[in-house]
Amino acid sequence: MAVRTATKKELFNSGIRNDGWCSAILIVVLVIVPLAILPARFDSYVTTPKLAILYVSSALLLWDTRRWAPSIAALWRTRVGRWFYLLLIIGAGSLLISSACSGDRWLSFAGTVWRRLGAMSQLIVFFIGAVIAAQIYMAQSILRKLMMAIEGAGAAASIYAILQYAGWDPFLPSYLYKIGSPPAVRPPATLGQATYFATFLLPVIFIAAAFRLREGASSVSRRAHEFVILLSIAALVLSGTRSALLGLGAGSGAFLYMRRARLFDRRSLTRAAYLVASVSAMIALLLAVPAGAGLRVRVAQWATDWAGGPRLMVWRDSLLLFRRHAVWGIGPEMFEAEFRRAESLELARAFPDHYHESPHNFFIEAGLSEGALGVSIWVALLILAGWCALAGRREGRQLGGALSASLVGMLTSLQFSPLTITNELYVLVIIAALVALAAQPVSSGALSVVFPSAVIPAAVVVGVGLLLIGGAFLAQEILYQRAASQIADADLAGAERCYDAARKFPIPGPNLELSRLFASLARQSGSPLYKRALADAREAAAAAESGSAERFNALYQSAMLAIVANDFPRAKAKLQAAIDAAPTWYRPRMMLASVLWRSGKNQDAAREASLALKCAGRDAPDVKQALDESREHAANQVSR
């Protein structure tokens, strides 16, 4: 790449060329992000390593801006490229504004502990998508490498998932993915949850199918791709994910449509029929043998939960919440806190203790997070990708059909499941690839690009910042993990040191979980360790109140700790705050009634007890029994 310094006023002129360094970084991102896992005690054992890889990779790309900036400028000069980048720029602005206007800016920027899909993470995904589009545009041979990377990552994750189902897992305890009673085994591989994993597998299946049908492929290569297809489908079925199976059907329809000229002949149809019959026979055999017990339980769960649990009511309540925040939304990663305020009594009664971490719908989540503008950006990106896919089909591009089917399949599955870092990355990469394939080449004379030299130092500074932020996420996770381990070893002093160090990071951490661990240690300890551990539990709960998506749970935890300390005025205040944060949750009302009875305020207690029973739904008998015992205990104390 030719580079010249125009003047000391910081200008450089770049020509465009294929760059192996950038391609290598992007390939590593697409392979390592879904596979990265760091087993720990907290929910972030999956998200933190993925996040760290994204931050480090973005920093490396920013430190070498000269390698990819000219290709972005060239793609910008095409019509579809300009639309793509304009939408990404507007989308980035929407993320920043929505986060700035949210109720908890740090939480919205950094993301929740379980997902870390805040504004910063999504901006990085946008950046990687922009670079990938430019790289594919300047050398379409890179697309094949990227798709092979996705296929390889899917094959490795599928093997791990199958081993998990078989009962062999060297990294994670099996209780994390055994759901229900009797338990259904739902292997998550390295994605943290079976639904996220199954959605990730959809592009793997269609990419492997496209390579299998690729003209000129050797017999060994075709057998390898067939093996990946069977592995991925087997892992998807074993995950027991209905939304992904629906996505597989929708994506298959799109794949057949895009490749109908190649597929609709007698030989291809016969092979397809054999494949369908073989897979069906394998599933039937698995359901019949003892090894299929976990899958049989999952099928039985489908039959009793045909409506998908609370999803339909969550969608309804989410749309009502959207009407209140239609302009800028509630901010990324703010659903857990804001939805509890808007949850209907009907939903609370039907699922009294269900934790709603996401609306489980791609478009509703985008609309709630960023308002009308945010969801419009995603709709526009998908329309652009659809137009590019159809244009590619008319021109006979072989891999475009796999990309189109992958996008259709993932979007179908994401209408019923939460978005994660990996799946948002893959969705945007697919859109970027379709845009790059449809962009018309510019003339060689138009490839000269002049940038102010301030761009390079600024990119370096931003890269350093991203590296520091990624390191902060990882360091904080390690400190929280050490604190938890030391609590388990009853080393309170060591746990306090690690926790104090972790608290110095402004990133929201698992403070509520630490509060519960400190409280558990207090119950097992005598004085003076008891008082210190209880004080630590109160401090961690207070931190969770101001930096956690589960603010209502943190307030309830603070109230319970106050009750343990016989500080009933504080308990009453915290319980009332918890009720304000989650009006239809029965637990704080039930405990507030107990506190009021102990304080002699029987009329107020009876009112809260009545409201608790009203919100408890199917748990009302147990709640009534607990309230009766609490009232009787309070009456006995007063009589003494």
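Worth pointing out:
- Scanning the range 339-363 for residues that are more than 19 Å from I421 (Cβ to Cβ) and in contact with a Ser or Thr (Cβ under 6 Å, 6 or more places away or on another chain) yields E343, L345, A348.
- Selection count where residues are surrounded by fewer than 16 Cβ atoms within 10 Å (Cβ to Cβ) and not small (G, A, S), scope the range 165-175: 5
- Qualifying residue in the range 140-147 (condition: surrounded by fewer than 23 Cβ atoms within 10 Å (Cβ to Cβ) and farther than 23 Å from I32 by Cβ): yes
- The one condition from (1) assigned to a helix (DSSP H, G or I); (2) surrounded by fewer than 24 Cβ atoms within 10 Å (Cβ to Cβ) that L592 does not meet is (2).
- Here the condition is being part of a helix (DSSP H, G or I), touching a residue at least 60 places away in the same chain (Cβ under 8 Å) and surrounded by 19 or more Cβ atoms within 10 Å (Cβ to Cβ); of A605, A616, it holds for A616 alone.
- Each residue in the range 160-216 was checked for being among the hydroxyl-bearing types (S, T, Y) and not in a helix (DSSP H, G or I), and 2 of them qualify.
- Any hit, the range 104-127, residues being modelled with pLDDT of 95 or more, aliphatic (A, V, I, L, M), more than 26 Å from R324 (Cα to Cα) and in contact with a helix residue (DSSP H, G or I) (Cβ under 7 Å, 6 or more places away or on another chain): yes
- Residues in the range 150-177 that are without any contact (Cβ under 8 Å) to a residue 40 or more places away in the chain, out of contact with any Leu (no Cβ under 9 Å at 6 or more places or on another chain) and aromatic (F, W, Y): W168, Y175, Y177.
- Unique match (being surrounded by fewer than 16 Cβ atoms within 10 Å (Cβ to Cβ) and touching a Phe, Trp or Tyr at 6+ places or on another chain (Cβ under 8 Å)) among P528, P506: P506
- Exclusive hit being on the phi < 0 side of the Ramachandran plot, surrounded by 24 or more Cβ atoms within 10 Å (Cβ to Cβ), touching a Lys or Arg at 6+ places or on another chain (Cβ under 9 Å) and in contact (Cβ under 8 Å) with a residue 12 or more places away in the chain, set L95, L75: L75
- Within the range 368-382, residues that are free of Cβ contacts under 8 Å to residues at least 60 places away in the same chain reach partners that are among the hydroxyl-bearing types (S, T, Y) and surrounded by 22 or more Cβ atoms within 10 Å (Cβ to Cβ) with beta carbons closer than 7 Å, at six or more positions or on different chains, in the pairs L368/S318.
- Residue identified as in contact (Cβ under 8 Å) with a residue 40 or more places away in the chain and surrounded by fewer than 22 Cβ atoms within 10 Å (Cβ to Cβ) among A488, A484: A484
- Test: S44 is within 30 Å of P441 (Cβ to Cβ) and within 28 Å of the chain's Cα centre (by Cα): no
Rundown of residues vs (1) of a type in the set (S, T, N, Q); (2) modelled with pLDDT under 90; (3) over 22 Å from R523 (Cβ atoms), yes/no style:
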residue	(1), (2), (3)
A544	no, no, no
I563	no, no, no
A582	no, no, yes
Y586	no, no, yes
S599	yes, yes, yes
A606	no, no, yes
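- Some residue of the range 321-338 being touching a Gly at 6+ places or on another chain (Cβ under 6 Å), of a type in the set (F, W, Y), part of a helix (DSSP H, G or I) and in contact (Cβ under 8 Å) with a residue 40 or more places away in the chain: yes
- Hey, I229 in contact with an Asp or Glu (Cβ under 8 Å, 6 or more places away or on another chain), among the hydrophobic types (A, V, I, L, M, F, W, C) and touching a residue at least 12 places away in the same chain (Cβ under 8 Å) or not: no
- Of the residues in the range 600-620, not one is touching an Asp or Glu at 6+ places or on another chain (Cβ under 6 Å) and either over 14 Å from A348 (Cα atoms) or not hydroxyl-bearing (S, T, Y) (or both).
The values are calculated or read from the model by the stated rules, or taken from the named source; none is laboratory data. It should be emphasised that the depicted structure is a prediction, and the values quoted were computed from it without experimental measurement. Quick reminder, even Gly has a Cβ in these numbers, built from the backbone with ideal geometry, and neighbours come from all protein chains shown.
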